[in-house]
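Okay, structure first, notes after.
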Amino acid sequence: MRAQDLMRVQYEQVHNVMEGMVADCDAETLTKVVGGNIGTIGAIYAHAVFDEDGWIAGVTGNPTLWESGGWSAQTGLEEISGRQSQEWAQSVTYDVAKFREYAQAVYAQTDEFLAGLSDEDVDREIEAFGGKTTIGRHVGSLGLWHVMTHQGEMAAVKGAQGLKGLPF
C-alpha cells in the first residue's frame, strides 16, 4: 500500500470518529465548561478542523477553505485568530450544523489532496513550524496525531459531563 493511500484511510477513520464525537452533542454539551484548563467540545472540534484546513492550505499555497468559502458568515463564528486562548476555548459558540458542513468540505479537501500526491510529493521537503519536514510527515503524522489527540480531549470532556466519550 502506498503511503498516500494509507493516509487517506487513516484520515477517513479519524474524520468518522470526530464526526461521531459531535453528532450527539446539543448546544449545551458543545459549550459546557467542565473546569480546569480544557476548552469546550465545540472549541476543540473547531480548533482541530481549522488546523487541518490550514495545514493543507499551507502545503498547497492555496487560501484556507474557511477564507475562500465564506464560512465565518455561514457559521456565525467571527474570530478564529484567538483560538489558542483559554478565553476563546471556553466561550466560543457557533452554528454547529453549518460548521459540520465546513468540516466535511475540509475532509474532502484533505482526501483530494492526499489522492493527488505522488510518491515523490510524499517525500518532498517543506518548511513548517520553523523547520524542514516532508509532506508525508507533516500531513500524515502530525496532522493525524493532532486530530486524534483532540478526539481524546473531546471524549474526556464528554465523560466529565456524564456522557459516552468515544462514539463506539
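Every read-out reported here was derived from the displayed coordinates using simple, explicitly stated rules and does not represent laboratory data. If you're wondering where the values come from, they're calculated on a predicted model, not measured in any experiment.
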Under a Gaussian network model of the chain whose springs join Cα atoms within less than 10 Å, the largest fluctuation of Leu142, Leu114, Leu30 belongs to Leu142
In nanometres, the difference between 0.36 nm per residue of separation and the alpha-carbon distance of Thr134 and Met1 is 46.0 nm
Counting lysine pairs in the chain that sit 8 or more positions apart or on different chains, with Cα atoms under 26 Å apart, gives 5
Distance in Å, no decimals, from the C-alpha centre of region 97-168 to the one of region 1-40 is 9
Averaging 1/r across every pair of distinct alpha carbons in the chain and inverting yields a Kirkwood hydrodynamic radius, in angstrom, of 16.5
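Counting only helical runs of four or more DSSP H residues, what would the 222 nm mean residue ellipticity of the chain come to if each run contributes -39,500 (n - 2.57) and the total is spread over all its residues? Provide the component values of the computation, followed by the final result.
Values: 9 runs with 101 residues, N = 168.
Using -39500 (n - 2.57) per qualifying helix, the result is -18500 deg cm²/dmol.
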Within the set Thr93, Thr64, Thr134, GNM on the chain using Cα springs under 10 Å gives the largest fluctuation to Thr134
GNM on the chain, Cα springs under 10 Å; top mean-square fluctuation among Ile41, Ile135, Ile126 goes to Ile126
